[in-house]
1. Calculate the translational D of the chain in whole µm² s⁻¹ from Stokes-Einstein, where the hydrodynamic radius comes from the Kirkwood formula applied to all Cα pairs, the temperature is 37 °C and the viscosity 0.692 mPa s.
2. Do the alpha carbons of any pairs in LYS46/LYS107; LYS46/LYS112; LYS87/LYS112; LYS6/LYS107; LYS78/LYS120; LYS6/LYS65 sit beyond 30 Å of each other, and which pairs?
3. Within the chain, which is the longest segment that contains none of the GluC sites (Glu not before Pro) sitting in a DSSP loop with at most 11 other Cβ atoms within 10 Å?
4. Calculate, for ARG63 and ASP43, the FRET efficiency according to 1/(1 + (r/R0)^6) with r their C-beta to C-beta distance and R0 25 Å; round to the nearest 0.05.
5. Probe radius 1.4 Å, ligands and nucleic acids ignored: give me the carbon and sulfur share of the accessible area of the chain as a rounded percent.
6. What residues of region 18-47 lie in the reach of a label at LYS87, counting those whose backbone N is under 12 Å from a point 7 Å from the Cα along Cα→Cβ?
7. With charges only on Cβ, +1 for K and R and -1 for D and E, what is the dipole size of the chain about its Cα centre, in debye, rounded to 20?
8. For labels at SER172 and THR117 in the simple 7 Å Cα→Cβ model, what's the distance in nm?
Amino acid sequence: EEKRDKVRPVAVLIDVSQSMDSADPRTTPEDQGRAAIAFGLIDADKGLPAETLSASHEKTLERPKRIDVARAALTNPKIDLFKSLAKVGPLEVYTFGTQRVGRDAAKDDWLKSLAATEPKTALVEAAFELLNRDDADAPAAIVIVSDGRENAGPRSLDDLARADIARGIPISVYVVGGSTFGQLQVAFGS
């Protein structure tokens, strides 16, 4: 009889639905700061700025597309999200719109051409597919990169939050839309 511990994976879900092609106004210092961190214009370790950014940064961050903010954050070497998450467990990276598509976590060349082309957002269903795995295959955590728009499934973000609590698998959310789009913030308190 052989016994060993299995390290559970960290699942990353990246939204590539058409709503991610929207360009949000970034009028508050907080919204500008979050985008500036993603684009590497300010250091993530210093947190959000208390005041408005410089005029040159403001112009750059005036209305970035959500997909561009996501791509910038995921490829930002100062944030180095995939490397940080890989310390917790092996990565399973997926893009999603109407369905989940597995991506190579070891390479990031596909991120450079990340496009928001999927006609619908099945965020809740993509996360439920991971939450519903049996205990041996369940992820240690789920990280969602999205604008939080859900329009393709029969279940709601509230259903996902309840299932997440019952299952005990932490879900972290990186919201790339402006603060006026707070569906995920309401459901997960992020």
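The values are calculated or read from the model by the stated rules, or taken from the named source; none is laboratory data. As the structure is a prediction and not an experimental result, all values here were calculated from the model. When we count neighbours, we look across all protein chains shown, and the Cβ atoms used for this are built from the backbone with ideal geometry, even at glycine. The protein model used for the area step is the full one, side chains on, heavy atoms only, and it has no ligands, DNA or RNA in it. Shrake-Rupley method; radii C 1.70, N 1.55, O 1.52, S 1.80 Å.
1. On the way: Rh = 17.2 Å.
D, rounded to a whole number, is 191 µm²/s.
2. Values: LYS46/LYS107 28 Å; LYS46/LYS112 26 Å; LYS87/LYS112 23 Å; LYS6/LYS107 24 Å; LYS78/LYS120 32 Å; LYS6/LYS65 39 Å.
In this structure, LYS78/LYS120; LYS6/LYS65 exceed 30 Å between Cα atoms.
3. Details: sites that count: GLU1, GLU2, GLU51.
Longest gap between qualifying sites, sites excluded: 52-190.
4. Working: r = 23 Å, r/R0 = 0.93.
It comes to 0.60.
5. Numbers: 4870 of 9960 Å².
Taking all protein chains in place, the chain shows 49 percent carbon and sulfur surface.
6. It comes to no residues whatsoever.
7. Details: 25 positive and 30 negative charges, 45 e Å.
That gives a dipole near 220 debye.
8. Modelled inter-label distance: 3.0 nm.
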